[in-house]
Each structure stands twice: as C-alpha cells, then as structure tokens.
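To start, the structure itself, in structure tokens.
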Amino acid sequence: MQRYFVAPGQFAGAGVTLTGDDARHLGTVMRAKPGDVFIACDGAGREAQVRIETIEPGKIAGTVLQWIDTGSEMAWRVTVAQSLPKGDKLETVIQKGTEAGAAAFLPFTSRRTIVQYDERKEGKRLERWRKIAKEAAEQAHRAVIPEVAPVCSWQQLLRSMKDYDLTLLCYEEEGRGGTGLKQVLSAFRERSPSAANPRVLVVVGPEGGFDPQEAEQAAAAGATAVGLGRRILRTETAALVALACIAYESGEMGG
C-alpha cells in the first residue's frame, strides 16, 4: 500500500487532500482510482488509511477509514551530527540513517572537514537532504520524517550538546582498547530505566576524523568518546553502525 506524508493542514476532519508530486505519483504513476486505499502520515506520528474519493490533476481527495498506530519509531530519539563529508556521502547517511531510525540529522563543519562550505548553495542542498529524508521515511514505513537541520559550526554543535541526555563522540582512538559503545549504552540504560524517549546525540567526524583538541572540547561539553570496534570505519558508515547498536541496546530488536 502506497504511503505519503502530508502536512497536518491537509487533514480536515475525516478528509485528506493529497497535492503536488505525491498526488501526481499516486494518480499518474501508480494509476490509482477512486475507491483505492493509501496511507497518509502527518509527519508527527499520526497515520491513517485513506480511501480515494476524487482524482483531479495535481489533487486527490480522500476519506479517513481508520487511524493506525504502527509503533515504527525508535524508543530513543537519536540525532546524528555528521561533519560534512565529500561528494554525496551525506545523502547516504540521511537515507540509510532514516531507514535505521534516526530522529534528526545535524550537519556541521569541523577542523578536518574537507568540503568547502558554500552558504549560497545551502538552501538547495538542505531542500534536497530533506526530500531524501522524506522519501526514505516513506520507504521505511516511518511515522515521522526526520528533521534535517541547516549546517552549523563546531562551536555551535558544542553548545547544543547540553540539550541531550547522552552525547556520543565516535572517536577512532577509543576503538584501540578504549571505551566501547556497548559499555556506555549499557550503563546509560541501567541508570535511566524510567527515562521516556531519551535524547541521544551521535557525533561523527569527517574523513580525517577529529583532532585531539576537538575530542577534549567535546568531553568538556559533556560528550563521551566511544569506539565502534577495532576497525577504522568510513565517515558515512560510522553513524549507521552506531544507530544499529543503539537500536539493539534500547530493546528494539526484542528481548
């Protein structure tokens, strides 16, 4: 069954209106007709089965048949802070990270960031990143579209760390016999058994990683440096490994 995210304002009582690209996709590409049913999500956790009533160019009107509670979101709200990588790697992080359950993405620049940040191009890139998150959320049957924030600086990221219950700095030096991610997550779960939807920040560096001074600054801001195993991971791989570990440790995989 096709799934589409619609703005909350497109829900009106028992009625739902699908417009723009989504309406064209459902009506033209999928060749939907009145009486067919699709899933409409408001991006904030509400989902409904909707029966198509009328189809017009660029607009589909439907009626809510029933509201659905899929429980598809992670119990821990994980934000991935990713230092801007080269090429289209951030698109991969957003797409796969959305499938893995990330609640938000926070791109940033750090000392070893190779990409030359161009503020003039940010609007178009941010629009594309958010479109990728929306499409990945639909494909993964998510009830919420992850937020993709504008690019921030390292200092801005440091100041934001106080807003999270747990901040994890993925640091390759900890993978060589240092603090492992598992022990940090286990300790956090044990000391916060009653915390509802704790906010977790996963911070991943660029291709060259973090320098020692940045690791010290992150620690001073409340972050815990963790290793993701004995191997060196690519920057676009690290966040996905961390998300999988968090999903397991938070109980999403059962047990």
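Laboratory data are not the source of any read-out in this text; all were calculated from the coordinates shown. These numbers were taken from a predicted model, which means no experiment stands behind them. All Cβ positions, even for glycine, are placed from backbone atoms using ideal geometry, and neighbour counts span all protein chains on display.
Quick one: what do you get for segment 3-68 if you divide its Cα Rg by 2.2 N^0.38 Å?
Computed over Cα atoms of segment 3-68, the ratio equals 0.96.
Cross-link candidates for LYS33: which aspartates and glutamates have Cα within less than 18 Å, leaving aside residues fewer than 8 places away along the same chain?
Candidates past the 8-residue exclusion: ASP21, ASP22, GLU53, GLU56.
From Cα pairs below 8 angstrom and at least 6 apart in sequence, can you work out the relative contact order of the chain, rounded to a whole percent?
Rounded, it is 21 percent for the chain.
Be a star and scan segment 102-134 for residues whose amide nitrogen sits under 17 Å from the point 7 Å along the Cα-to-Cβ vector of GLU216.
Once the point is set 7 Å along Cα→Cβ of GLU216, 111-112 turn out to lie under 17 Å by backbone N, inside segment 102-134.
ARG46 versus LYS131, label points 7 Å from Cα toward the beta carbon: distance in nm?
2.8 nm
With helices defined as uninterrupted DSSP H runs, which ones in the chain have an alpha carbon span along their own long axis of at least 18 Å and mean Kyte-Doolittle hydropathy of at least 0.0?
Qualifying helices, which must be both long enough and hydrophobic enough, are 235-249.
Answer rounded, prolate or oblate for the chain, using the Cα gyration tensor with square roots of eigenvalues a ≥ b ≥ c: rounded when a/c is under 1.5, else prolate when a/b is larger than b/c, else oblate.
prolate
Relative contact order for segment 1-54 using alpha-carbon pairs under 8 Å, separation at least 6, rounded to a whole percent?
This gives 41 percent for segment 1-54.
Quick one: of LYS96/LYS162; LYS86/LYS131; LYS89/LYS134, which pairs are farther than 24 Å apart, Cα to Cα?
Over 24 Å apart, Cα to Cα: LYS96/LYS162.
For GLU252 and THR19 in the same chain, what is the full-extension length gain: residue separation times 0.36 nm, less their Cα-Cα distance, in nm?
Separation in residues times 0.36 nm, less the Cα-Cα distance, equals 80.4 nm.
With each label point set 7 Å from Cα along the Cα-Cβ vector, what nm distance links GLU73 and ARG111?
Label at GLU73, label at ARG111, 3.7 nm between them.
Which peptide among 162-171, 101-110 comes first, and what is the full order, when sorted by highest mean count of other Cβ atoms within 10 Å?
Per-residue mean Cβ counts within 10 Å order the peptides as 101-110, 162-171.
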